[in-house]
Amino acid sequence: MVPAARPAATAAFAVGAVALLLLVIPPPAAAAAAVGVNWGTMMSHPIHPSAVVGMLRANGVDRVKLFDADPWTVAALAGSGVQAMLAAPNDQLESLARDPRRARDWVRHNVTANLNAGVDVRYVAVGNEPFLKSYNGSFINITFPALKNMQRALDEAGFGQRIKVVVPLNADIYSSPENKPVPSAGSFRKDINALMVDIVNFLHVNDAPFVVNIYPFLSLYQNPNFPLNFSFFDGATKPVYDQGMVYTNVFDANFDTLVWSLRKAGVPDMRIIVGEVGWPTDGDKNANVKYAQRFYSGFLKNMAKNVGTPLRPGHMDVYLFALIDENQKSVLPGRFERHWGLFTYDGKPKFSMDLSGNGKDNYLAEVKGVQYLPSQWCVFNKDAKDKYKDLPASVNYACSNADCTPLGYGSSCNGLSHDENISYAFNIYFQTMDQDVRACSFGGLAKITTTNASQGGCMFPVQILSVSGRVAPLIFLPISLVLLVSVFTLL
Ligand SMILES: *[C@@H]1O[C@H](CO)[C@@H](O)[C@H](O)[C@H]1NC(C)=O
Ligand SMILES: *[C@@H]1O[C@H](CO)[C@@H](O)[C@H](O)[C@H]1NC(C)=O
Ligand SMILES: *[C@@H]1O[C@H](CO)[C@@H](O)[C@H](O)[C@H]1NC(C)=O
Ligand SMILES: *[C@@H]1O[C@H](CO)[C@@H](O)[C@H](O)[C@H]1NC(C)=O
Ligand SMILES: *[C@@H]1O[C@H](CO)[C@@H](O)[C@H](O)[C@H]1NC(C)=O
Ligand SMILES: *[C@@H]1O[C@H](CO)[C@@H](O)[C@H](O)[C@H]1NC(C)=O
């Protein structure tokens, strides 16, 4: 019923000539697969970037959005043909705003040098969601000056036409009033409206797009009464009607709220790129493979057909969020935050997915050549009965230094028994510490086993070989453990 109404309505809008063109000229196959991905690297054990780039190419992913300009990652893109969006993180906004020379250095080092090395740099992002409400306005005064300095530095270097400066923003910078929840009532948030008008007009003059991150999952997560089906593209039963437009999913409604906000800010034709869109697979009752697959399937089909949104039918530029799970991301937004990957920590696709939008039931190509640590796990040693009183502190220690989010309510390991819970914590800590034997002691409460400790849908991972030159947090381990152990002996 309603899902069918969408394509039908779109077809009705298409005037004769356009419809004919579409029929005669098939869309180029490559355009269908033209999806970007966000490549974040906040993980304890990053896969070698060259192997990741090989996987991107095998899957026809032709562009990536990074959150910094980390040389190790960026170098892997050289000569790959994969386009890159590099970024200056929020903590650099202040110096970039204050000193134009910083922006020039940034461009020389991160843009010019990389271009010379064969990296296809297309965008430079200034900050990441700097106006997020939870930042309490910390970046309000410095983002626009930083943006202007970066643009000037790029212009001076001669790249102003070829490389666009953008500011990826979260969808919480615009909204519709609660008593009129339709896209046409939307506008930029009151506290930053004047600033946003300046920014979008500046971007527009420089022919740069607006980059927005839209999360139907968060609509659901933040509002227990949110209609589940409105998060997806296939099942809404109660559409939203607005000025002759029909909305059957929250993504379209949200995107068009931005379109209206831009109109009201004086840039009605501004190009929009979706900087982040995706669905997590763990860490919340609605974060699972089934929903993620449903979301991506509907989304990618619309992408492939160039459905667009009611106000912006046609091709949409999109970066999926995200490439690989990141076990060191902050869980402040929620426990799901470490589970946005299309791929698991070891570079395996989590579910079948067809980036071309043809709905084929295939898995994406995995990352090749990933090496694992030995097949061993760290589990609870039930024989250490005399030490049970130290369990809470030990589990707490393990979970403060490794990722226990799968244990939470509604998550993949929530069904574990009390003892298995402890094993999960000990094992994930042990693996994160590269299976160092000292990380599977906990004063005798833990022991190493070669029996796979995974339980049903709850995976006890074996970590991969760390290839990064980063210093592991292991240095802190012996000291803390010594303290812990000596406390035990004293008691
Ligand atoms: C290059 O970019 C990274 C990430 O934004 C930053 O940390 C570094 O300081 C930049 N280099 C220069 C010379 O500005
Ligand atoms: C923002 O303010 C809240 C409440 O006052 C506080 O808990 C939080 O730490 C602040 N966040 C930042 C990034 O300053
Ligand atoms: C930003 O600038 C305004 C006006 O100068 C000032 O009132 C405000 O405190 C500044 N905010 C921050 C976070 O620095
Ligand atoms: C939600 O969508 C699914 C799949 O299209 C459908 O089977 C179900 O009846 C819908 N539920 C509601 C409450 O509309
Ligand atoms: C397992 O650990 C999680 C997270 O700490 C907790 O919510 C859950 O209640 C625990 N389960 C049992 C059976 O102790
Ligand atoms: C352990 O078992 C799980 C679930 O059966 C499986 O997916 C995983 O590959 C196994 N791990 C190893 C290292 O054999």
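Throughout, read-outs are computed from the coordinates displayed, never taken from laboratory work. Since the structure is predicted, the reported quantities are computational estimates derived from the model, not experimental observations. Neighbour counts run over all protein chains shown; Cβ positions are idealised from the backbone, glycine included.
Other residues with beta-carbon under 15 Å from the beta-carbon of Val64 carry, at +1 per Lys or Arg and -1 per Asp or Glu, a net charge of -3. Here the Karplus curve 6.51 cos²θ - 1.76 cosθ + 1.60, taken at θ = phi - 60°, turns the phi angles of region 164-174 into couplings of 9, 8, 9, 10, x, 10, 7, 5, 7, 8, 9 Hz, with x standing for Gly and Pro.
Among residues other than Thr405 whose Cβ falls under 12 Å from its Cβ, what is the net charge (Lys/Arg +1, Asp/Glu -1)?
Numbers: positive: Lys329, Arg335, Arg338; negative: Asp282, Asp284, Asp325, Glu326, Glu337, Asp403.
My count for the surroundings of Thr405 gives -3.
Please compare each pair in Lys329/Lys447; Lys290/Lys348; Lys133/Lys350; Lys264/Lys285; Lys264/Lys301 to a cut-off of 26 Å on the Cα-Cα distance and tell me which ones are over it.
Working: Lys329/Lys447 28 Å; Lys290/Lys348 17 Å; Lys133/Lys350 32 Å; Lys264/Lys285 38 Å; Lys264/Lys301 31 Å.
Result: Lys329/Lys447; Lys133/Lys350; Lys264/Lys285; Lys264/Lys301 exceed 26 Å.
Proximity of backbone amide H atoms, modeled 1.01 Å from N, is registered between Gly127 and Ala88 at under 5 Å, excluding neighbours fewer than 5 places apart on the same chain.
Annotation: Cα Rg of the chain relative to the compact-globule expectation 2.2 N^0.38 Å equals 1.05. Sorted into 10 angstrom bins from 0, the C-alpha pair distances of region 113-252 split as 10, 33, 29, 20, 7, 0 percent. Net charge near Val267, counting Lys/Arg +1 and Asp/Glu -1 over other residues with Cβ under 14 Å of its Cβ? Cβ neighbours under 14 Å give a net charge of +1. Under 5 Å from the amide H of Asp317 lie the amide H atoms of Val274, each residue being 5 or more positions distant or on a separate chain, with H modelled from the backbone and absent for Pro and chain starts. The Asp155 and Asp234 beta-carbon pair, evaluated with R₀ = 35 Å, returns a calculated FRET efficiency of approximately 0.15. Taking the Cα centre of the chain as reference, the dipole from Cβ charges on Lys and Arg (+1) and Asp and Glu (-1) amounts to some 420 debye. Note that region 281-297 has calculated 3J(HN,Hα) couplings of 10, 7, x, 6, 5, 9, 9, 8, 4, 4, 5, 4, 5, 5, 5, 5, 4 Hz, one per residue in order, obtained from phi through the Karplus relation 6.51 cos²θ - 1.76 cosθ + 1.60 (θ = phi - 60°); glycine and proline are x. Per residue of the chain, the DSSP helices (runs of n ≥ 4 H) give a summed -39500 (n - 2.57) that works out to -10000 deg cm²/dmol at 222 nm. Applied to region 77-84, the Karplus parametrisation 6.51 cos²θ - 1.76 cosθ + 1.60 on θ = phi - 60° returns per-residue 3J(HN,Hα) values of 7, 4, x, 7, x, 7, 6, 10 Hz, with x for Gly and Pro.
In this structure the amide hydrogen of Lys65, modeled in the peptide plane, comes within under 5 Å of the amide hydrogens of Val37, Asn38, Trp39, Met85, none closer than 5 places in sequence on its chain.
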